[in-house]
Amino acid sequence: MNKQTRRDFLRVLGMTAGSLMLPRAVFGQRRAARKPNVVLIFTDDQGTIDVNCYGAKDLYTENLDRLAARGTRFTQFYVGAPVCSPSRAALMTGRYPRHAGLLGNAPSHKGGEGMSTEQVTIAEMMKAARYATGHVGKWHLGYTPETMPNGQGYDYSFGHMGGCIDNYSHFFYWVPPNCHDLWRNGKEVWHDGEFFGDLMVDECKGFIDRSKDEPFFLYWAINMPHYPLQGTQKWRKKYRHLEAPRRMYAEFISTMDEMVGEVVGHLDKLGLRDDTLIIYLSDHGHSVESRTFGGGGDSGDYRGHKFTLWEGGIRVPCIVSWPGRIPQGAVRSQMAASIDWMPTIAEYCGVKLPDRKIDGKSITSVIEADDAPSPHEVFHWETGKHWAIRQGDWKLVHNGPATDYKGKKIPQVENFLSNMAEDVTETKNLAETRPEVVEQLTRVHDQWLKELRKR
């Protein structure tokens, strides 16, 4: 899509959005005068089970647990990639990372391009429908004026453009040269010594305050629990009994949980909670990098972590809450994915989707009923020469890296086949006993790649 076509699409969306209605599945009646607000919360490097309601026994996550109690929690929810930028591109566009044009991490230094401006983001979709659009937190999808948030559909933006920052100096230190990375609407700003978590909470509240009289879309990309692990003193005291690195990781998880509670509480204070769709998920599994003290996160019974296509790298906690509109205290086991949020948000808000190929599918029916089928018969992942495919209960991982699993080293093999209905741990390889399934899944994946490269 060239720039002129993209502008035409946004103009047409703006002309037609006002006449759209929400589906009957949402309200059972015509859309109310005000469209729902949307707050999309995306955490960073959070382990598969690292919320109490997902099985963590040693963490305090009362705010996320409360969000789940007032909404629907998914137990088989996937992201588009096991690394930051491709996962974010998939969420923002409703497309597989290859289709979104970003298979690796975007640069963390000014001047580096990331996701193409030819892509249409959720923010652009919502802005065309006369939503106020805001970004707070991490971006990591481009570091040029055109590819930073204000160039990708956000009216307002505050945060860092690269992969991570120190939470007090707001410098990126991990790949030379060191650089300051804190921006408001494309202009560098300085808040030296102020905790980035507190700044994000204030910015979220400020955006909500300014936008409360009109429908708004807020993308809050929390940079936690990504390294550097810098939890607040309150939680450092709380977790003194834990061993490192779980201790440092837990401190950051609960710091983040408390921040979420503050913003959700602000919506309650303003009387906006029942008018607001809140979506919460992580970008991929936990890190085991040395910069995270070698670990700290937990994937439970799921093998793997960040950078891998084992379940621990791509299966994430995900909660959606909209009191009075969607089921509360519900659990959904159907397979769904981050690329589904764009069409799902569009359906709930009565917003027109981009006139282009979207890989995601609306999951409103899944949210409404625990017996609704998953919208995905097949799902694909790729990162470098490492790829995976899920078809029904079968999952094939190609060139999956060796991993430690509960103290046992599992070596790398060319093909690892699992039946997810029988073995979610991915520790029993069925490739040799079911070669016909390996052949079939490989053929399906090869055909998918061939078709995607034509687009």
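The values are calculated or read from the model by the stated rules, or taken from the named source; none is laboratory data. Quick caveat: nothing in here was measured; it's all calculated off a predicted structure. Positions of Cβ are backbone-derived with ideal geometry, glycine not excepted, and every protein chain shown enters the neighbour counts.
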Inset, instruction - Among the candidates F171, F158, single out the residue that is within 26 Å of F252 (Cβ to Cβ) and either touching a Leu at 6+ places or on another chain (Cβ under 6 Å) or surrounded by fewer than 21 Cβ atoms within 10 Å (Cβ to Cβ) (or both). - result: F171
Inset, instruction - Just one of (1) surrounded by fewer than 21 Cβ atoms within 10 Å (Cβ to Cβ); (2) within 20 Å of the chain's Cα centre (by Cα) trips up D192, so point out which. - result: (2)
Inset, instruction - Tally the residues that are within 15 Å of S282 (Cβ to Cβ) and among the small types (G, A, S), restricting the search to segment 210-225. - result: 1
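Listed here are the residues, each with its yes/no results for (1) at positive phi; (2) outside the structural domain of E188 (by TED's automatic domain parsing); (3) touching a Lys or Arg at 6+ places or on another chain (Cβ under 8 Å).
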residue: P86; (1), (2), (3): no, no, no
residue: G94; (1), (2), (3): yes, no, no
residue: G104; (1), (2), (3): no, no, no
residue: S108; (1), (2), (3): no, no, no
residue: G112; (1), (2), (3): no, no, no
residue: T117; (1), (2), (3): no, no, yes
residue: V120; (1), (2), (3): no, no, yes
Inset, instruction - Report yes if some residue within segment 71-78 is assigned to a loop (DSSP other than H, G, I, E, B), among the hydroxyl-bearing types (S, T, Y), within 16 Å of the chain's Cα centre (by Cα) and surrounded by 23 or more Cβ atoms within 10 Å (Cβ to Cβ); otherwise report no. - result: no
Inset, instruction - Please go through segment 158-173 and pick out each residue that is within 17 Å of G112 (Cβ to Cβ) and not aliphatic (A, V, I, L, M). - result: G159, H160, G162, G163, C164, F171, F172, Y173
Inset, instruction - Pick out the one residue from A90, A56 that is within 25 Å of C349 (Cα to Cα), hydrophobic (A, V, I, L, M, F, W, C) and either surrounded by fewer than 24 Cβ atoms within 10 Å (Cβ to Cβ) or in the same structural domain as I208 (by TED's automatic domain parsing) (or both). - result: A90
Inset, instruction - Go through M115, M125, M200 for me and flag whichever is buried (at least 19 other Cβ atoms within 10 Å of the Cβ) and without any contact (Cβ under 8 Å) to a residue 60 or more places away in the chain. - result: M115
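From the list I326, I319, which residue is touching a helix residue (DSSP H, G or I) at 6+ places or on another chain (Cβ under 8 Å), in a strand (DSSP E or B), in contact (Cβ under 8 Å) with a residue 40 or more places away in the chain and not charged (D, E, K, R)?
Just a single option satisfies the conditions, and that option is I319.
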Legend entry - Residue check for H241: without any contact (Cβ under 8 Å) to a residue 24 or more places away in the chain and either of a type outside the set (D, E) or closer than 28 Å to C349 by Cα (or both): yes
Inset, instruction - Mind counting the residues in segment 388-409 that are surrounded by fewer than 19 Cβ atoms within 10 Å (Cβ to Cβ) and either touching a residue at least 12 places away in the same chain (Cβ under 8 Å) or not in a loop (DSSP other than H, G, I, E, B) (or both)? - result: 9
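Please work out which residue is nearest to H445 (Cα to Cα), limiting yourself to segment 90-103 and to residues that are in contact (Cβ under 8 Å) with a residue 24 or more places away in the chain and in a loop (DSSP other than H, G, I, E, B).
Applying the filter and picking the extreme gives Y96.
Would you check which residues across segment 252-278 are in contact (Cβ under 8 Å) with a residue 60 or more places away in the chain and more than 14 Å from L218 (Cα to Cα) and list them? Steps first, answer last, please.
Let us first name the residues in segment 252-278 that are in contact (Cβ under 8 Å) with a residue 60 or more places away in the chain, namely 253-254, 256-264, 266-267, 270, 272, 275-278.
I253, S254, M256, D257, E258, M259, G261, E262, L270, listed by residue number.
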Inset, instruction - Can you tell me which residue within segment 282-298, out of those that are surrounded by fewer than 22 Cβ atoms within 10 Å (Cβ to Cβ) and touching a helix residue (DSSP H, G or I) at 6+ places or on another chain (Cβ under 9 Å), is farthest from C53 (Cα to Cα)? - result: F293
Inset, instruction - Output the residue which, of all residues in segment 93-112 that are farther than 19 Å from C179 by Cα and basic (K, R), is surrounded by the most Cβ atoms within 10 Å (Cβ to Cβ). - result: R95
Legend entry - Criterion: surrounded by 23 or more Cβ atoms within 10 Å (Cβ to Cβ) and within 24 Å of the chain's Cα centre (by Cα) - qualifying residue of D257, D274: D257
Inset, instruction - Among what's in segment 410-446 and is of a type in the set (S, T, N, Q) and in a loop (DSSP other than H, G, I, E, B), pick the residue that is surrounded by the fewest Cβ atoms within 10 Å (Cβ to Cβ). - result: T433
Legend entry - Hits in segment 204-231 - residues which are surrounded by fewer than 22 Cβ atoms within 10 Å (Cβ to Cβ) and in contact (Cβ under 8 Å) with a residue 24 or more places away in the chain: K205, D209, R210, S211, K212, E214, P215, P228, Q230
Inset, instruction - Go through (1) free of Cβ contacts under 8 Å to residues at least 60 places away in the same chain; (2) polar (S, T, N, Q); (3) in contact with a Leu (Cβ under 9 Å, 6 or more places away or on another chain) and name the single condition Q152 misses. - result: (1)
